[in-house]
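Undergrad: Dumping the structure here so I can ask a few things about it.
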Amino acid sequence: MKWWQIKKRDADLEQELRSDLELEEEEQREGGISGEEARYAALRAFGNPALIREQTRAIWSWTWLESLARDLRFSLRTLRRTPGFTVIAVLVMALGIGANVALFTVVRGVLLKPLPFHDPDRLVMLYEAGLHEDDKAGSNVVSGGMYAEWKKQNRSFSSLALTQGIRVGLSGSGGQLPEKLNSALFSWDLLRTLGVQPALGRDFMQADDSPAANGTVLLSWGLWKRRFGGDPAILNQTIELDAEPYTVIGVMPAWFDFPDPSTQLWTPVYHEKPEDTMTSFSNHMFRVVGRLKPGVSAAQGVADLSIISQRIHNAHLNDPFVFRSAKRRPLLEHMVGEIKKPLYVLLEATCCLLLIACLNVANLLVARAAARRKELAIRTALGGGWLRLMRERLMESLLLSAAGGALGLLLAFAALHWLTRTRHDMSRVESIHIDGVVAAFTVGVIVLCALFSGLIATFSTSDKRILSALREASRSVSGGSARATLRNVLLTLEVGLTVILLIGAGLLLKSYERLRSADMGCITQDVITMHLGLPDARYATPAQRANFYDTLLERVRALPGVEAAGFVTAVPGQGYGMDWTFSVVEHPPLPQGSGLFALSRWADPKYFGAMGIPILRGRTFDGGKRLDTANEVVVSQSFASQYFPGEDPLGKHLRVRGQNSVIVGIVGDTRYAIGEMPRPVQYYPLDGGVETVGTLVIRSRHDLEQFALPVQRIVSEMDRDLPVSDVLTMNQLLGKHTFDQSFNATLLTAFATLSLLLAAVGLFGVMSYIATQRTTEIGIRIALGAKREDVMRKMLLDGMRPAIFGLVVGLAASLEACRLIRDLLYEIKPLDPAVFSAVAATLLAVAVFACIVPAWRASRLDPIQALRAE
Amino acid sequence: MSSMAKQAQQRVGLLQGTLDMLILRTLLYGPAHGHQIGKHIQRTTNEFLQMQHGSLYPALHRLERRGWVVSKWEPAPDRNREFKYYRLTDKGRKQLLVEESQWKQMAEAVARVMWPAAEEN
C-alpha cells in the first residue's frame, strides 16, 4: 500500500465501522428499543469504535511510519515555536557540517581518489640519491645519462619515462599576442607509462623523440580551447615555440595535468635537449616515472636501479656529482606532497569545529529540556513512554542537524566552487567535486550529529525522579542548578576545543607573518619584475643576446619615473633556479670524488643597485667587459665565508666550465625562496651573453603597474614575437609563494574565530539560563539586602568557571596538538609563549564579555518583580 | 494493569488461531459484511462465542492483507445502503482447508490426551 492510500484506507475503515454500527442500531430498534436507548445498546454491543479503529489500523504496518510522522509534526511544531533557538542551532550545525563536507570533499578528491592513470599503484616517481657515502636522506632529480642507463639495464620496470617542466614562448599568430607558457618535456613513452591517450590526435612516437626529428607538440585541452578556439583542424598544423616550428599532433584530455596543473603543452625531450645533457651523469634535471613490472615490489625496483647507479658511480669516480643510488616516492605523494599535511590539519580543525557545533546544539537542547522539565515530568506521570519521549527528542535533533546539513551542503558547494576557482595551482584540483560518496558522508555526519547532540540532551532528562521534578518545578527557588552541571561540562569541552583551534591558528598566523617579514636580502617595496625569454633560434650567438639586454636596459632606464633597472636570471624569491659546480683556482685540488657547487645567477652590473643588494666589498661587474672578456664574478657573503674562511676572496679565481673568473666583489646574502635560509650565490655577468631567460626588475616610487605597458611596447618594438610575462611587483611575487601559508592561516583563523563565537554564544546561553533560573533566589537576596556588586560578581564567577576550566584543559591539550602542525611552522616553536598568552587573554576577554550581560542583568533585578514572577 | 485488561488479553489469545478459520468458514456460504459475520458466528454457536468487534475487524483486515479475502462496497439486498462485503478468494479457500485440517489434528490430539480410553476402540 502506498502512502497516498493511507488516507483513503482510513476513510474506508471509518465508513465500514459506521455503517455496521448503524446496522446494529437499526436492528436494536427493530428489536423494540427506541431512540437514544437503541444507540447506546448498539454501542454496548459493538464496543468502542475509536478503539476498534485503532486496533484495526495496527494491522497495517504503516503505523510506525505514521507515528514517526506524528513525531515529526510534533517536533516541527516545537521548533517553530522557538524560532530563535531553531535558527541558531541550524546555523551552527550548517557551519560545522558545511566546513567538514567541504574539506572532506577536498581531501577525498586530492588524496583519497586514485590517480586517473592506468593501474596507478604500479607507478613510482624515481630520484637519484647518495651523493656522499653516508648521505641517507638527500635525493635529487635525475641526470639524463643515469636515466638512459637505468632504462637500458633495469629488469624491474616495464617502462621508465622522464619529464621536466620548462617555459616556452608561443609566437603570436592570427592577431594573438605572443605568450610565455609553462610546458613540459616528455620522453616519448611517458604517456604510455601512465596509460593515458590524447583526447585528439596521436601520442608521441619514438621517432619524434630525437634531435633529428621534426618538432612535435601536444596541447593541453585548456590551451587548445583558449588559443585555438577548440578547432580540431589544429591537428597537423604548425605553431611556433621559441621561434621554431612544431607540428601539433594531439590534444590531451581536459583532466590531464601532469607533471603539474600549470602545464599547457608537451614536447619530446630528446628533440629539445642537446645530446651532452642527455648523456651527462652529473647534470641533474629530470623527473623519472617508472611502471613496475607485475610481481615486482617498489623496493625491489629501487634496489635494482641502485645497483646500476653504484656501477656508474664506480666507473666515474673522478666526477663528484655522480650519485650512488636511487630513491622512490609514490606518484600521488609526489603530485600532492606539499598539500597533504595542511589538508589533514585543516580537516582536523573542521572536525573540532563540528564537535564544538554539536556541543553547542546539545547545550541548547539541554537548556530546552530543562525548561520543559515540568512538561516532560507531567507527561511521564500520565504514562507517556520514556522511549516515546526520547524518540521525540532525537527527532528534534535530527531535524536540526538535517536542516543544518542541507544548508551546510550548500555552504560546502559554494566553498568548493570558490576553492577550485582560487586554487588552480593545487594539484588534482579538478578531481574535487561533490559526488555520491560525499553525499553519503554528509548523511553520516548528520546522523552522527543528531545522535550526539540528541542523546546528550535526552540523557540529561532521562532520570526517573518525576516527583522531585514536579515538586521542584512547582516552586523553584534555587532549583535546576543540578542541570547546569552538565551544561558546564559541555561548555568546558567547548572552550577547550576552541583554545586548541585558536592556538593552532595563532601559530600559523604568526609563522605566516614571520615568513612575510623574513629579510629577503633585497628591496621588496617599489620593485616590479617581468619575465623575458629569448628564443635560441633567433638569439643564437652571445653577441645577439648581450646586445638585446643592453638595448633593453638602456631604453627601460630612459622611461620616465624609472629610478633603477636591472636584469637577472632569477630574483630572490623566484626559486632555486640553477646551480653550477666550481672550483677555486688558488686552492689545492679537492680529493677525488668531491666537488663544490653553488647557486648561480647572471646579472647586469646595475642589478645589485636596482634591487638594493648591498655591495659589501669590492665592486660590481665592469660594464665595459662584454662577451669573452666578461670574466668577472661577484659572490655573496655566505659564499665568501663558506668557501674562503679566513682569507680574502677578492682577486681569487673561480673555475667554471673550463673558464676562470676573477672575484671582484662581495654582495649581501639573499634568499632564493621565502622561508629558505640564504645560500651561497655566484653571480656572473649577463654581458657574457650565456643566458637567454631571466627577469627584468624596475625600481620606482611611482605606480609600479604603469610600467607594464611601456616595457611591453619597448620589447615588441625590439622583437615583435617576444612575450613579456609574469608582470608582478616584488610583493606580489613573494605573496604568490606564500599563498599556501596565508591560505592555511586564513582558513584556520576563520575556523578558530567561528568556534570562539560559538563558545561565546554557549557561555552567554548558559549564563542567561542560570540567571533566569535563579531569578527568585537573586530577588530574595537583593530584598534581604545583598549588594548588587556582590550579586554581579558571584554571577560572573559562576559563568567564568567553565571558561577557565576549559582554558586550562585546552592549553594542556594544545601542547600535544601543536606537534601536529610543527611541520607547517616557520621559525617559531610550537610552544610559542606569545601565542599561548594571547589566546588565553582573548578567550578570557570573550568569556567575560559573554558573561557580563546576564550577570549585569541579574544584578539589576527588581526584587519585587522577581518575586512576583513565580 | 487492571484485571479486566488481562482477561481480555486471554480471550483474544484463545481466539487468535481460530477466529480466522471461523471467518473463512462463514464466508464459504457467500459474501458477507462484518456485522453479518459477527452475528453469524454468535448465532451459530448459540451465543457461546461472544463476538468481540475489537478482534473481528482487525482479523478481517488481516485476512484481506494476506489475500485470503477481498472486499467491495455493495448495496445490501434488504437495506437501502452500501456495506463492505468480504468475499473468499481461492487462496482463502485453500487456507481454510489447511486450517481445518490443522484444527482437526489439534482436536484429535487433545482428545487423545483427554480421553485415552476412546482411542483403544
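The values are calculated or read from the model by the stated rules, or taken from the named source; none is laboratory data. Computed from a predicted structure; not experimentally measured. When we count neighbours, we look across all protein chains shown, and the Cβ atoms used for this are built from the backbone with ideal geometry, even at glycine.
Undergrad: Only one of (1) under 19 Å from B:THR26 (Cβ atoms); (2) out of contact with any Pro (no Cβ under 7 Å at 6 or more places or on another chain); (3) free of Cβ contacts under 8 Å to residues at least 60 places away in the same chain fails for B:TYR85. Which number is that?
TA: All conditions pass for B:TYR85, except number (2).
Undergrad: Please determine whether any residue of the stretch A:176-186 is surrounded by fewer than 19 Cβ atoms within 10 Å (Cβ to Cβ) and assigned to a strand (DSSP E or B).
TA: yes
Undergrad: Now, a different point. Which one of B:ALA76, B:ALA111 is more than 20 Å from the chain's Cα centre (by Cα) and at pLDDT below 85? Outline the logic, then answer.
TA: Values: B:ALA111 fails: at pLDDT below 85.
Going through B:ALA76, B:ALA111 in turn, just one is more than 20 Å from the chain's Cα centre (by Cα) and at pLDDT below 85: B:ALA76.
Undergrad: Does A:GLU37 satisfy being without any contact (Cβ under 8 Å) to a residue 24 or more places away in the chain and either more than 14 Å from chain B (Cβ to nearest Cβ) or of a type in the set (Phe, Trp, Tyr) (or both)?
TA: When the stated conditions are applied, A:GLU37 passes them.
Undergrad: Which residue is farthest from A:VAL361 (Cα to Cα), if the candidates are limited to the stretch A:390-440 and must be in contact with a Phe, Trp or Tyr (Cβ under 7 Å, 6 or more places away or on another chain) and crowded, with 18+ Cβ neighbours inside 10 Å?
TA: Result: A:ILE434.
Undergrad: So which residues in the stretch A:630-678 are hydrophobic (A, V, I, L, M, F, W, C), surrounded by fewer than 19 Cβ atoms within 10 Å (Cβ to Cβ), part of a loop (DSSP other than H, G, I, E, B) and touching a strand residue (DSSP E or B) at 6+ places or on another chain (Cβ under 9 Å), if there are any at all?
TA: A:PHE644, A:LEU650
Undergrad: Something else: Here's a check for you: in the stretch A:784-799, which residue that is assigned to a helix (DSSP H, G or I) and among the charged types (D, E, K, R) is surrounded by the most Cβ atoms within 10 Å (Cβ to Cβ)? Please lay out each step first, then the result.
TA: Quick first cut of the stretch A:784-799, residues assigned to a helix (DSSP H, G or I) only: A:788-799.
Now drop any that are not among the charged types (D, E, K, R), which leaves A:788-790, A:793-794, A:798.
Details: A:ARG788: 15, A:GLU789: 9, A:ASP790: 12, A:ARG793: 13, A:LYS794: 17, A:ASP798: 21.
Ranking the qualifying residues of the stretch A:784-799, first place goes to A:ASP798.
Undergrad: Among the basic types (Lys, Arg) and either buried (at least 16 other Cβ atoms within 10 Å of the Cβ) or in contact with a strand residue (DSSP E or B) (Cβ under 7 Å, 6 or more places away or on another chain) (or both): is that true of A:LYS225 in this structure?
TA: Answer is no for this residue.
Undergrad: Continuing with the same structure: Could you grab the pairs with beta carbons closer than 7 Å, sequence gap of 6+ or different chains, first residue in the stretch A:706-731 and under 21 Å from A:ILE239 (Cβ atoms), second one surrounded by fewer than 16 Cβ atoms within 10 Å (Cβ to Cβ) and aliphatic (A, V, I, L, M)?
TA: If the second residue must be surrounded by fewer than 16 Cβ atoms within 10 Å (Cβ to Cβ) and aliphatic (A, V, I, L, M), the pairs left are A:PRO723/A:LEU177.
Undergrad: Consider A:GLN310 against the criteria (1) in contact with a strand residue (DSSP E or B) (Cβ under 8 Å, 6 or more places away or on another chain); (2) in the same structural domain as A:PHE157 (by TED's automatic domain parsing); (3) closer than 26 Å to A:GLY165 by Cβ: it satisfies all of them except one. Which criterion is unmet?
TA: In the conditions (1) in contact with a strand residue (DSSP E or B) (Cβ under 8 Å, 6 or more places away or on another chain); (2) in the same structural domain as A:PHE157 (by TED's automatic domain parsing); (3) closer than 26 Å to A:GLY165 by Cβ, A:GLN310 misses (3) alone.
Undergrad: Can you find a residue in the stretch A:585-598 that is surrounded by 18 or more Cβ atoms within 10 Å (Cβ to Cβ), at pLDDT below 95 and among the β-branched types (Val, Ile, Thr)?
TA: No.
Undergrad: Select from the stretch A:201-236 the residues that are in a loop (DSSP other than H, G, I, E, B) and farther than 21 Å from A:TRP188 by Cβ and list them in ascending order.
TA: Here is the first cut: in the stretch A:201-236, the ones in a loop (DSSP other than H, G, I, E, B) are A:202-205, A:209-215, A:220, A:229-231, A:235-236.
Across the stretch A:201-236, the qualifying residues are A:GLY229, A:GLY230, A:ASP231.
Undergrad: Residue check: is A:ALA558 modelled with pLDDT under 90 and small (Gly, Ala, Ser)?
TA: The answer is no for A:ALA558.
Undergrad: I need a count of the residues in the stretch A:321-342 that are out of contact with any strand residue (DSSP E or B) (no Cβ under 7 Å at 6 or more places or on another chain) and either surrounded by 19 or more Cβ atoms within 10 Å (Cβ to Cβ) or among the small types (Gly, Ala, Ser) (or both). Even if it seems obvious, please write down each step before you answer.
TA: Within the stretch A:321-342, the first condition is being out of contact with any strand residue (DSSP E or B) (no Cβ under 7 Å at 6 or more places or on another chain), and the residues that meet it are A:322, A:324, A:332-333, A:335-342.
From what's left, either surrounded by 19 or more Cβ atoms within 10 Å (Cβ to Cβ) or among the small types (Gly, Ala, Ser) (or both): A:322, A:332, A:335, A:337, A:339, A:342.
Residues flagged as out of contact with any strand residue (DSSP E or B) (no Cβ under 7 Å at 6 or more places or on another chain) and either surrounded by 19 or more Cβ atoms within 10 Å (Cβ to Cβ) or among the small types (Gly, Ala, Ser) (or both) within the stretch A:321-342 amount to 6.
Undergrad: So which of A:VAL635, A:VAL656, A:VAL662 is more than 19 Å from A:GLY612 (Cβ to Cβ) and under 46 Å from the mean Cα position of the chain (by Cα)?
TA: A:VAL656
Undergrad: Can you go through A:LEU95, A:LEU76 and tell me which one is closer than 26 Å to A:SER401 by Cα and loosely packed, with under 15 Cβ neighbours inside 10 Å?
TA: Values: A:LEU95 fails: loosely packed, with under 15 Cβ neighbours inside 10 Å.
Among A:LEU95, A:LEU76, only A:LEU76 is closer than 26 Å to A:SER401 by Cα and loosely packed, with under 15 Cβ neighbours inside 10 Å.
Undergrad: Now for a separate question. With a cut-off of at least 3 residues that are surrounded by fewer than 16 Cβ atoms within 10 Å (Cβ to Cβ), name the helices (runs of 4 or more DSSP H) lying wholly within the stretch B:21-115. Let's see the steps before the verdict.
TA: Numbers: elements: B:34-44, B:53-66, B:90-114.
Passing ranges, in order: B:34-44, B:90-114.
Undergrad: Among A:ALA610, A:ALA673, A:ALA630, which is the only one that is small (Gly, Ala, Ser) and at pLDDT 90 or above?
TA: A:ALA610
Undergrad: Here is a follow-up. Which ones in the stretch B:81-97 are hydrophobic (A, V, I, L, M, F, W, C), within 19 Å of A:GLU16 (Cβ to Cβ) and more than 14 Å from chain A (Cβ to nearest Cβ)? Before the answer, list the steps.
TA: Of the residues in the stretch B:81-97, the ones hydrophobic (A, V, I, L, M, F, W, C) are B:83, B:88, B:96-97.
After this cut, where a residue has to be within 19 Å of A:GLU16 (Cβ to Cβ) as well, the list is B:83, B:88.
Across the stretch B:81-97, the qualifying residue is only B:LEU88.
Undergrad: Which one is surrounded by the fewest Cβ atoms within 10 Å (Cβ to Cβ) among residues in the stretch A:264-319 that are more than 23 Å from A:PHE597 (Cβ to Cβ) and among the β-branched types (Val, Ile, Thr)?
TA: Among them, the one singled out is A:ILE307.
Undergrad: On to the next question. Of everything in the stretch A:10-52, what is closer than 14 Å to B:GLY54 by Cβ and aromatic (Phe, Trp, Tyr)? Give them in sequence order.
TA: A:PHE46, the sole residue that qualifies.
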